[in-house]
Amino acid sequence: MNATLHVVEKLADWRERALEFEREIQKAVLGQARVIRLVTICIFARGHVLIEGDVGVGKTTLLRSASRALGGDFARVEGTVDMMPSDILYHTYLGEDGRPRVEPSELLRLAETLPVFFFNEINRARPQVHSLLLRLMAERSVSAFNRVYHFPYLNVFADRNMVEREETFELPAAARDRFFMEIPMAAPDDTESRRRLVFDPAFHDTETLLERVSPGSFDYRKIPEVSRAIQTEVKSSEALERYVLNLWQALVKPSSAGVSLPDVDVSSLIKGGASPRALAALARAARVRAWLEGRNYLIPEDVRDVFVEVMAHRIFVDPIHALRGDDIVKRLCRAAFDATPVP
Amino acid sequence: MRIACLALALIATLPASAQEPTVRVHSARPFGYFVGDLIHARIDVSAPENAALSRASLPKPGALTGSLDLRDVKFREVSENGARIWRLALTYQNFYVALDAREIEIPGFDLAISTAEGTETVKVPAWRVGVSPLREVAPQKQDDPVDYMRPDGSTPFVDEATPRHLAVAAGVAALLAFALVARDRAWPPFQRRKPRVFSALANEFSTRGAGSDGSELDAAIQSVHRALDTANGATLLSADLSGFLHRRPEFQPLRMDFERFFSASKRCFFGDERLSDDFRAEQLAQFVNALARRERSG
């Protein structure tokens, strides 16, 4: 009993620090409160993130700020068409004596202290590289130099280039399902934030900008423990669980749940996805959101708040609709929420 | 009938006998035809009961001579007094431009008849009609050249009542059809009043009560949620409250009650607590009654 009380108190304390962590990032990243909240949820749910955003909207600044606020290191890799897995694992160079040397790459060197690993333009890299990355994501470990390197605190953030189609290798459905969330990031909407981003010199120099973020406002070494405590302590009632299962049914078999979309035959819309892993991720994310909101139980708003980001990239629709982007999936999610009663 | 059964010729191909085929040619008149006139003739062929006429032997419409066409052939078969009679109605057209009154010949033709004894040929004989030349008419001398013209025809009398009645009937039918379409599409005044979900729920609560403690009250809260969903047109969560009150401003004064209801529902269904004392069946019934009143005012 005392132990439980102790955990509850610690969770409340950790929550304050998590909110502080968000505020620190907001000092460097302007007008992205929603994105920062979603990134925070992913970090405390220990889920890897696919970031979808135009160039120059501040993805790298966001991730470097997050890494700094967590007090850990930051590593970044640029995906290229000729990249091989060994390029990520090994650093090769010529030594002073003119002989070739092979050393561990930055990723391996920082393995124990790396909370944020940014893979830029993941769809430029070949499937062999995807394969390595998927293992890194799933097991938080890689094999190199004939031994296994562990990454106990790692969160992978990957960005997809959605502008060009040439020389890209689109992530297959199975790989996309491994990502916990897909977070869209766009330039801020409000005029004041836009004005400051363009005219305030403080936002032109990333290095000085990052100095605004106090390092280590939340110790990254605590995250696995906090994550476990959140998932254990935040409860889901029977009504809430029934609601989530009904939502699942509405997504997988929309017509049977009375979900309809104008101009779309929903009975043949969904071709796959919405896996049990997806629903488990949804529950994890919703629990972290409830914790950040100061509750120890889940409510439907928690589920709805993270639903599209957790689920949309894991739902695969008929190719004829897929050509129209993910708008149809978002509309389907909205219709499923509208049609599913609660409690 | 103008054909006065004027028998031009009665020709028996064989000596008269009840069993032998006979032919009669009837014409309207045997004279007075001008160029272009139609000459109607009826030819009756009577034969024994068991005889059959070969249709192929009937004359075919077309040019017969340089100035005579056969325009039409109609054929009818009747039985009369134990004999079979074939009636041919033939229409010829005369193109002979006569300069004086004279007779022209209408050529004869053969008909094939088969009887029990075998096949016979019955000859329809040629016959003659008188044709006349066209002559100018010499009118009586008139002083005014206009008098040579025929007078204008009189204006026909048109009964206006019938078209007016038809127009009124068509108008009424169009209005009726429009009313049916309007009813089908729920155009005003056929639009249905929005269902009063909260009034129905308040009535239900007043008859059977909002439920005492426990599962009955849970069910009552759920039924309020379903009514709110219906009023919203989609599932209504507490986060959607502002949007809902913006769309349905008649419920705006009840914002505090809505928040209390959602908070209690949240704690009851999703939190690990029972309903607190400040939200029980009476409060729920009052909330629903207030909703019903605002709904009627909206």
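What to note about this one:
- Amide H contacts under 5 Å for residue B:120, placed H, 5+ residues apart: B:113, B:114, B:115
- Burial order of peptide ranges A:66-74, B:76-84, B:238-246, A:312-320 (average beta-carbon count within 10 Å, highest first): A:66-74, A:312-320, B:238-246, B:76-84
- Net charge of neighbours whose Cβ lies under 14 Å from the Cβ of residue B:196, counting Lys and Arg as +1 and Asp and Glu as -1: +4
- Per-residue ellipticity at 222 nm from helix content only, as computed over chain A with -39500 (n - 2.57) for each DSSP H run of at least four residues, stands at -14500 deg cm²/dmol.
- For region A:186-343, the square roots of the Cα gyration tensor eigenvalues, ordered a ≥ b ≥ c, give a/c of at least 1.5 with a/b no greater than b/c, which places it in the oblate category.
- Cα gyration tensor shape for region B:197-297, rounded if a/c is under 1.5, else prolate or oblate: oblate
- Computed from backbone phi with θ = phi - 60° and the Karplus coefficients 6.51, -1.76 and 1.60, the 3J(HN,Hα) list for region A:180-188 is 5, 9, 10, 9, x, 10, 10, 4, x Hz; x is used for glycine and proline.
- Qualifying lysines (Cα of each under 18 Å from Cα of residue A:235; at least 8 residues distant if same chain): A:10, B:266
- Over chain B, DSSP H runs of length four or greater, each weighted -39,500 (n - 2.57), average out per residue to a 222 nm ellipticity of -10500 deg cm²/dmol.
- The mean number of Cβ atoms from other chains found within 10 Å of a Cβ in peptide A:229-239 is 2, as a whole number.
- Peptide B:227-237 has a mean of 3 when you count, residue by residue, the C-beta atoms of other protein chains within 10 Å of its C-beta.
- Scanning residues 5 or more positions from residue A:237 or on other chains, those with amide H under 5 Å from its amide H are A:298, with H placed 1.01 Å from N in the peptide plane.
- Within-10-Å neighbourhood charge of residue B:220 [Cβ basis; K, R +1; D, E -1]: -2
- Once both labels are positioned 7 Å from their Cα atoms along Cα-to-Cβ, the gap between residue A:235 and residue B:67 label points is 12.3 nm.
- Choice from A:302, A:87, A:159 showing the highest fluctuation, given a GNM over chain A with Cα pairs closer than 10 Å: A:87
- For region B:101-210, chymotrypsin sites (Phe, Trp or Tyr not before Pro) are listed when DSSP marks them as loop and at most 10 other Cβ atoms sit within 10 Å of their Cβ; the list is B:157.
- Prolate/oblate/rounded call for the protein assembly as shown, Cα gyration tensor, a/c under 1.5 rounded: prolate
- Coupling constants for region B:224-241 follow from the phi torsions by the Karplus curve (6.51 cos²θ - 1.76 cosθ + 1.60, θ = phi - 60°), and in residue order they are 5, 4, 5, 5, 5, 4, 5, 5, 7, x, 7, 4, 9, 9, 4, 5, 8, 4 Hz; glycine and proline get x.
- For region B:245-255, the Karplus equation 6.51 cos²θ - 1.76 cosθ + 1.60, evaluated at θ = phi - 60°, returns couplings of 5, 5, 6, 10, x, 5, 8, 3, x, 9, 3 Hz by residue, with Gly and Pro reported as x.
- Gain on full stretching of the segment that runs from residue B:181 to residue B:95 - 0.36 nm per residue minus C-alpha separation: 24.6 nm
- Net charge over other residues, Cβ less than 14 angstrom from the Cβ of residue A:232 (K, R count +1; D, E count -1): +4
- Amide H contacts for residue B:28 (H built 1.01 Å from N in the peptide plane; partners 5 or more residues away or on another chain; cut-off under 5 Å): B:40.
- Peptide B:262-271 has a mean shielding of 5, counted as Cβ atoms of other protein chains within 10 Å of each residue's Cβ.
- Rounded Å value of the spacing that divides the Cα centres of region A:16-74 and region A:141-213: 9
- Sparse packing (at most 16 other Cβ atoms within 10 Å of the Cβ) combined with a DSSP loop state is found for the following chymotrypsin sites (Phe, Trp or Tyr not before Pro) in region B:27-61: B:31, B:34.
Rule-based calculations on the coordinates, nothing more; no lab input. Quick caveat: nothing in here was measured; it's all calculated off a predicted structure. No Cβ is skipped: glycine too gets one built from the backbone with ideal geometry, and neighbour counts run over all protein chains shown.
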